[in-house]
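What follows is a short report on a single structure.
The values are calculated or read from the model by the stated rules, or taken from the named source; none is laboratory data. Everything quoted here is computed from the prediction, not taken from an experiment. Neighbour counts are summed over all protein chains in view; Cβ atoms, including those assigned to glycine, are modelled from backbone coordinates with ideal geometry. When the accessible area is computed, the model is the full protein with side chains, heavy atoms only, and any ligands, DNA or RNA have been set aside. Shrake-Rupley method; radii C 1.70, N 1.55, O 1.52, S 1.80 Å.
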Amino acid sequence: MNHSEELDLKDAKLKQIQLFIYLIPIVGLIPAIWTLLRDESDTSSQKVSRLSVKLAIAWLIAYALLWLGSTQTTDIVSFRLLYLNALLTSGYFLSSFLIMFNIWRNKPPR
């Protein structure tokens, strides 16, 4: 392996780590928004950042609505809404990790 191939491999791994950071649940939202606000990044970074922001905003809205609904109802309904909230949060984390796994396998994120 010559020097230029080694540098290309390092750049690809660095890019992969950068995409992983965007997909970290909740925390990755900040670098993803930062990437979207500056137009200097490439298309794969823009795609993954958009996907991360969409997932986080959808999760946040659903989480807030379920939590708010649980505070306004009776005990059994409140428990069911909070349980659904936990399932939704688990789904958000799992979908983020599945997208990370696809990126690790060099497949496009969906």
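Computed values, structure above
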{"read-out": "Residue order for 89, 43, 35 - accessible surface, 1.4 angstrom probe, largest first", "value": "43, 89, 35"}
{"read-out": "Interatomic Cα distance distribution for the stretch 1-99, bins of 10 angstrom, percent", "value": "15, 34, 24, 16, 7, 3, 1"}
{"read-out": "Apportionment of accessible area to carbon and sulfur, the chain, percent (1.4 Å)", "value": "70 percent"}
{"read-out": "The chain: angle of helix 3-22 to the longest principal axis, Cα-based, in degrees nearest 10", "value": "10 degrees"}
{"read-out": "Most to least accessible of 105, 38, 80 (protein chains only, probe 1.4 Å)", "value": "80, 105, 38"}
{"read-out": "Å² per residue, accessible surface of the chain at 1.4 Å", "value": "71 Å²"}
{"read-out": "Calculated FRET efficiency for the pair residue 106/residue 58, C-beta based, R₀ 30 Å, to 0.05", "value": "0.70"}
{"read-out": "Sequence of 34, 59, 67 from largest to smallest accessible area, 1.4 Å probe", "value": "34, 67, 59"}
